[in-house]
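Q: Once you've had a glance at the structure underneath, I'll fire off some questions.
The values are calculated or read from the model by the stated rules, or taken from the named source; none is laboratory data. Here the structure is a predicted model, which means the values were calculated and not measured. All Cβ positions, glycine included, derive from the backbone under ideal geometry; neighbour counts span all protein chains shown.
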Ligand SMILES: Cc1cc2nc3c(=O)[nH]c(=O)nc-3n(C[C@H](O)[C@H](O)[C@H](O)COP(=O)(O)OP(=O)(O)OC[C@H]3O[C@@H](n4cnc5c(N)ncnc54)[C@H](O)[C@@H]3O)c2cc1C
């Protein structure tokens with residue numbers, strides 16, 4: 001069953017339940033999609049990881065306390081796929097803007113192409129007649145979660161068998177996934193489509209689906225037999241992500257901490273001084289063309305409220321929450337009321353939070369308030385290895401674990 005309680009307590013409880021299975025069990029069983037309500041062979045931690053209620057390092061610490069790095073290799077590598085995709089997008093912010101532009105164009109085009117619109121609706125409602133695909137469309141909309149293998153098959157069938165625009169498939173995922181993430185989602189859809197590793201697609205095969213669904217879908221006829229990679233124009237050159245050094249403050253000042261949906265663990269940020277106030281923006285961002293599903297919006301809101309309460313306790317301050325959509329007005333009013341000199345915020349990653357927050361932070365800086373964007377140690381260490389393929393990063397996992405003071409084997 002997928003957990004809809006976004007609190008840190010619920011995340012810790014699920015981590016504690018799963019940790020014993022993160023070694024040999026995970027390595028053996030992780031590729032099997034056991035079906036809705038039965039995903040016990042994988043951690044189902046992704047909604048908390050995506051909002052950083054749990055940090056990657058929290059999960060790695062718990063797992064490596066019970067398993068050697070060798071016995072937990074498969075699980076540790078999967079966690080690093082997340083950091084890899086985040087770092088990959090930070091090196092290529094144009095992938096995100098290109099995705100948004102192409103998605104919007106595909107959406108507009110579909111409005112005037114009735115047969116295409118009908119095919120899209122049929123796919124999204126899970127009425128294509130392809131049993132496994134229809135099942136996953138229903139599972140996604142009902143639970144906000146799909147097993148990784150199901151996401152791969154679904155995306156492959158969407159692109160190559162149903163011949164629908166990949167950006168609208170990625171958008172459908174972002175509307176419903178509790179763990180909807182700009183980096184993991186965009187890069188994974190691109191990977192299936194043959195745009196991530198140039199020329200290499202992921203083709204869904206009937207026998208593979210039958211095997212890894214424990215025979216629930218014994219035959220899937222009609223899958224595209226010739227999955228040719230999609231093509232695109234060359235991307236701009238890779239840029240190394242700008243990561244600010246840890247902030248230091250020359251003189252005592254009033255520091256406020258801003259909490260947004262991409263990082264719900266303010267209490268563990270490396271802050272330049274003790275904060276006197278916290279503001280949490282609980283209005284979820286628009287991340288897809290259509291409104292976010294109710295369950296995904298609720299999860300995000302609950303994660304933020306829980307983060308706000310934890311920060312209040314940790315810093316011994318009163319917290320302010322703002323549920324309105326006008327972030328700039330809320331932040332300006334907070335700065336004025338609390339007479340803040342500095343605003344600290346976990347560095348917003350490339351994606352919808354950055355798109356919404358960055359202009360607001362720039363305006364606030366222009367108005368004279370200092371803003372410090374705090375990077376997580378995990379990102380600082382992982383991102384430099386994410387410019388190229390995952391296999392380059394994979395080789396560095398022992399040295400990355402050592403740098404993060406985690407058991408490296
Ligand atoms: C088309 C497609 C779209 C995807 N969209 C998203 C998304 O929007 N958000 C998201 O978090 N993941 C996405 N993934 C990656 C992956 O499917 C999920 O992270 C995973 O299924 C989450 O389930 P879990 O927590 O039980 O994973 P576990 O198998 O228990 O793995 C532990 C953690 O490692 C990370 N992880 C595992 N596999 C991957 C992977 N392949 N790529 C990146 N991180 C991984 C996740 O944070 C996960 O919680 C997508 C994959 C595909 C193929």
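Q: Output the residues belonging to the stretch 261-284 that are assigned to a strand (DSSP E or B) and within 22 Å of the chain's Cα centre (by Cα).
A: 280, 281
Q: Let me ask something additional. Just to verify a result, which residue in the stretch 22-37, among those that are more than 23 Å from residue 153 (Cβ to Cβ) and in contact with a helix residue (DSSP H, G or I) (Cβ under 8 Å, 6 or more places away or on another chain), is surrounded by the fewest Cβ atoms within 10 Å (Cβ to Cβ)? Don't jump to the end; show me each part of the working.
A: Here is the first cut: in the stretch 22-37, the ones more than 23 Å from residue 153 (Cβ to Cβ) are 22-24.
Filter once more, so that each one left must be in contact with a helix residue (DSSP H, G or I) (Cβ under 8 Å, 6 or more places away or on another chain): 22-23.
On the way: 22: 27, 23: 19.
The selected residue is 23.
Q: With respect to residue 97, determine if the residue is more than 11 Å from the ligand (Cβ to nearest atom), under 21 Å from the mean Cα position of the chain (by Cα), surrounded by fewer than 22 Cβ atoms within 10 Å (Cβ to Cβ) and part of a helix (DSSP H, G or I).
A: Spelling it out, residue 97 is indeed more than 11 Å from the ligand (Cβ to nearest atom), under 21 Å from the mean Cα position of the chain (by Cα), surrounded by fewer than 22 Cβ atoms within 10 Å (Cβ to Cβ) and part of a helix (DSSP H, G or I).
Q: Would you confirm, using the coordinates I've provided, whether residue 328 is without any contact (Cβ under 8 Å) to a residue 24 or more places away in the chain and within 30 Å of residue 170 (Cα to Cα)? Break it down into steps so the answer makes sense when it comes.
A: Values: without any contact (Cβ under 8 Å) to a residue 24 or more places away in the chain: no; within 30 Å of residue 170 (Cα to Cα): yes.
So residue 328 fails the test.
Q: Those residues that are more than 12 Å from the ligand (Cβ to nearest atom) and in contact with a helix residue (DSSP H, G or I) (Cβ under 7 Å, 6 or more places away or on another chain), I need them from the stretch 126-153; list them, please.
A: Correct list: 126, 127, 128, 130, 132, 133, 137, 141.
Q: Let me ask something additional. Taking the stretch 33-61 only, how many residues are at pLDDT below 95 and under 15 Å from the mean Cα position of the chain (by Cα)?
A: Within the stretch 33-61, residues that are at pLDDT below 95 and under 15 Å from the mean Cα position of the chain (by Cα) number 0.
Q: Also, I was wondering about something else. How do the pairs read when you match residues in the stretch 72-88 that are outside any helix (DSSP H, G or I) with residues anywhere that are surrounded by 17 or more Cβ atoms within 10 Å (Cβ to Cβ), using Cβ under 9 Å and keeping only pairs 6 or more apart or on different chains?
A: 72/22; 72/23; 72/26; 72/60; 72/63; 72/64
Q: Separate question: Looking at the stretch 109-203, what helices (runs of 4 or more DSSP H) fall wholly within it and have at least 3 residues that are closer than 22 Å to residue 221 by Cα?
A: 114-124, 131-143, 148-156
Q: Evaluate the stretch 172-192: report whether one residue or more is more than 16 Å from residue 293 (Cα to Cα) and surrounded by fewer than 20 Cβ atoms within 10 Å (Cβ to Cβ).
A: Within the stretch 172-192, one or more residues are more than 16 Å from residue 293 (Cα to Cα) and surrounded by fewer than 20 Cβ atoms within 10 Å (Cβ to Cβ).
Q: Can you pull out every residue in the stretch 63-91 that is away from the ligand (no atom under 12 Å from the Cβ) and farther than 16 Å from residue 396 by Cα?
A: Matches in the stretch 63-91: 64, 65, 66, 67, 68, 71, 90, 91.
Q: I'm trying to understand the selection: among the residues of the stretch 4-22, which are over 25 Å from residue 375 (Cα atoms) and either touching a residue at least 60 places away in the same chain (Cβ under 8 Å) or within 13 Å of the ligand (Cβ to nearest atom) (or both)?
A: Once the filter is applied, which keeps residues that are over 25 Å from residue 375 (Cα atoms) and either touching a residue at least 60 places away in the same chain (Cβ under 8 Å) or within 13 Å of the ligand (Cβ to nearest atom) (or both), the stretch 4-22 yields 4, 5, 14, 17, 18, 19, 21, 22.
Q: When you check residue 311 against the structure, is it at pLDDT 95 or above, in a helix (DSSP H, G or I), in contact with a strand residue (DSSP E or B) (Cβ under 9 Å, 6 or more places away or on another chain) and farther than 20 Å from residue 53 by Cβ, yes or no? Please lay out each step first, then the result.
A: Values: at pLDDT 95 or above: yes; in a helix (DSSP H, G or I): yes; in contact with a strand residue (DSSP E or B) (Cβ under 9 Å, 6 or more places away or on another chain): yes; farther than 20 Å from residue 53 by Cβ: no.
So residue 311 fails the test.
Q: Right, something else. Scan the stretch 154-202 for residues that are under 21 Å from residue 390 (Cα atoms) and away from the ligand (no atom under 11 Å from the Cβ) and jot them down.
A: 194, 195, 197, 198, 199, 200, 201
Q: For the stretch 48-58, which positions are within 11 Å of the ligand (Cβ to nearest atom) and either more than 21 Å from residue 376 (Cβ to Cβ) or in contact with a helix residue (DSSP H, G or I) (Cβ under 6 Å, 6 or more places away or on another chain) (or both)?
A: Of everything in the stretch 48-58, those that are within 11 Å of the ligand (Cβ to nearest atom) and either more than 21 Å from residue 376 (Cβ to Cβ) or in contact with a helix residue (DSSP H, G or I) (Cβ under 6 Å, 6 or more places away or on another chain) (or both) turn out to be 48, 51, 54, 56.
Q: Tell me whether the stretch 391-399 contains one or more residues that are out of contact with any helix residue (DSSP H, G or I) (no Cβ under 8 Å at 6 or more places or on another chain), touching a residue at least 24 places away in the same chain (Cβ under 8 Å) and in a helix (DSSP H, G or I). Please lay out each step first, then the result.
A: Looking only at the stretch 391-399, we keep the residues that are out of contact with any helix residue (DSSP H, G or I) (no Cβ under 8 Å at 6 or more places or on another chain), and these are 391, 395, 398-399.
Cutting the leftovers down to touching a residue at least 24 places away in the same chain (Cβ under 8 Å) gives us 398.
Next cut, in a helix (DSSP H, G or I) only: 398.
Scanning the stretch 391-399, I find at least one residue that is out of contact with any helix residue (DSSP H, G or I) (no Cβ under 8 Å at 6 or more places or on another chain), touching a residue at least 24 places away in the same chain (Cβ under 8 Å) and in a helix (DSSP H, G or I), so the answer is yes.
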